[in-house]
Structure formats: C-alpha cells, structure tokens
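Notes for the one structure printed next.
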Amino acid sequence: MDNKSATLYIVATPIGNLSDISERALQTLRDCDIVACEDTRVTGTLLKRFGISKEMFVYEDSRERNAAPILLEKLKSGLNIALVSDAGTPCISDPGFRIARACRAEGIKVVPIPGPCAFAAALSASGLPSDSFLFVGFLPAKTAARRNFFEKHADFGHTLIFYESPYRILKFIDDALDVFGGDRVVCVAKEITKLHERFFTGKLSDVALQIKNSSTKGEFVVLIAPKDFGF
Ligand code: SAM
C-alpha cells in the first residue's frame, strides 16, 4: 500500500463461517499498518487463523468518541488503517461511523471492503419482500419503546428488519405478536452461516411457538413483512 496517501479501509469479516472472508479483505488486513478493532481477542483470533500478525488498536463503542481523533491522527501521519468489527460489516450496528465521517470531512480516502452482513444475509434468504425495506438495527431494550416503535410501523409498507439479542428475543416476539397480530408474516433468522443456522418463516403465531420451543441461545435477525404480504 502507498503510505503517502493514507486510507481507512472498512473491512467486513465473517458472521460465523470463516470461509466467508474475501481475498480482498485478507489482502487488506495483510497490507495495512494497523487493524482497528472492537476486541483484540476476537480479531486476534481471526488474524491468527489466517497467519496475519498486525498491530491492533481498540476502537469500540464506549471509546469511539475518544478513539476517533487518535485514529484520525494516525491516518494523517500516513498510516493505512483497516477497521473491522467483531463480526460482519463495521458501521452496521457497530462502531465506525465517527471515523468514517471524520475522514470524509478531512478528505482522507475511505474504502469499503464489502462482505458479510447479518441483515443482508437474512433478507436474501428470507423469502420476504426484499426490494425495499427498513433496517432498524437494535430497538431500545425497554418494552414501552419497542411497542411504541411497532405501533408506529404497524402499517408500514416495506419489510422491517431488526437485530435482537438472545436475552430479549422472546420479549421481542411477544410484543410483536400483540401489536402486529398472529397472521403477520415474519422470518426469524438464527445463527446465520453457523452450524445451527435456522430460518423460522411463516405466520407470527406459528414462528413464535417454534422460537419458544427451541433454544434461544445464539444470534438473531428478525424480519417483519408488510401488512398485506401473504406467504
Ligand atoms: N456489523 C454486524 C453486521 O454486519 O451484521 C452486526 C453487529 S451487531 C453488534 C450484532 C447483531 O447482528 C447480533 O445481535 C444479531 O442480531 C446480528 N447477527 C450477527 N451475526 C449473526 C448471525 N450469524 N446470525 C444471525 N444474526 C447475527
């Protein structure tokens, strides 16, 4: 890489299956000066798996406000930086926005190295309308805020996509059932690209039962079809 013109690379990494890493992602991780990551243990394991040894810089949610100016200085000094998150695409419900924005403001090149992203993978295999959708990411943890969002979007004409944690998935489903009703078509995608990958698709009342009868360990993407969509 040309050190005179520093670049911030936004590098997508696997969401489970390590074979999903792209050749370009690996090349970028090999060639950069520093890998900025959320957790050095997670990224260290990934780098080790591919025989890459690289300086790491912690860039995670709680430190993003302070870490962005430091990273910006490193870029200004000519260092090429590859930003990764624990899994998937940085900036998508993950840190990165502040440094990308700062680089754009300073005229520093920002280059995406696209790859895995949980919501895109879930949507692509869901069978739900995929030409237009609203990716919401994580809703607030509080029931009232979640229900309020659902009520406001009950008649939304596009697929809704959410991330949800294993600790809140059952509450999420119960609230969705109350607001959207049992006939609404949904897809719950669990552990995508991993050993126990499952797609629960159909009427919300049926999917709710299946989720309740299966383990809620793992990672989830929830998709809710527009009101009049029949499956
Ligand atoms: N930046 C990531 C991306 O590109 O998808 C998302 C990071 S966000 C902090 C983590 C959430 O993404 C999880 O709580 C889950 O909702 C979703 N997720 C990540 N990996 C997943 C997988 N393999 N299967 C299902 N959902 C996943």
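Just so you know, all these numbers are worked out from the coordinates, no wet-lab data involved. Computed from a predicted structure; not experimentally measured. Cβ coordinates were reconstructed from backbone atoms using ideal geometry, including for glycine residues, and neighbour counts include every protein chain displayed.
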Inset, instruction - Could you run the Karplus curve 6.51 cos²θ - 1.76 cosθ + 1.60 with θ = phi - 60° over the range 202-208 and give me ³J(HN,Hα) per residue in whole Hz, x for Gly and Pro? - result: x, 5, 4, 4, 6, 5, 4
Legend entry - Magnitude of the charge dipole, the range 111-231, Cβ model with Lys/Arg +1 and Asp/Glu -1, debye to 20: 340 debye
Inset, instruction - Report the full-extension gain for the segment residue 24 to residue 197: residue separation times 0.36 nm, less the Cα-Cα distance, to one decimal in nm. - result: 59.7 nm
Inset, instruction - Could you check the simple spin-label distance between residue 132 and residue 147, using points 7 Å along Cα→Cβ, in nm with one decimal? - result: 3.0 nm
Legend entry - Cα gyration tensor shape of the chain, rounded if a/c is under 1.5, else prolate or oblate by comparing a/b with b/c: prolate
Legend entry - DSSP-defined antiparallel bridges as percent of all bridges, the chain, nearest 5: 45 percent
Inset, instruction - List, in the order given, every pair from 48/217; 152/190; 54/190; 171/203; 54/217 whose Cα-Cα distance in the structure shown is over 24 Å. - result: 48/217; 152/190; 54/190; 54/217
Legend entry - Length-normalised contact order of the chain in % [C-alpha pairs under 8 Å, at least 6 apart]: 21 percent
Inset, instruction - Quick one: dipole size for the range 73-128, taken about the Cα centre, charges +1 on Lys/Arg Cβ and -1 on Asp/Glu Cβ, in debye to the nearest 20. - result: 240 debye
Inset, instruction - Just grab the label-to-label distance for residue 62 and residue 217, each label 7 Å out from Cα along the Cβ direction, in nm (one decimal). - result: 2.6 nm
Inset, instruction - Obtain the nm distance between the two label points defined at residue 174 and residue 155 by a simple spin-label model: each point lies 7 Å from its Cα along the Cα-to-C-beta direction. - result: 2.9 nm
Legend entry - Tensor-based shape of the range 94-146 (alpha-carbon gyration tensor, a/c under 1.5 rounded, otherwise prolate or oblate): oblate
Inset, instruction - Grab the beta carbon distance between residue 45 and residue 209, set R0 = 45 Å, and tell me the FRET efficiency rounded to 0.05. - result: 0.75
Legend entry - Highest average packing first - 34-45, 206-217, Cβ atoms within 10 Å: 34-45, 206-217
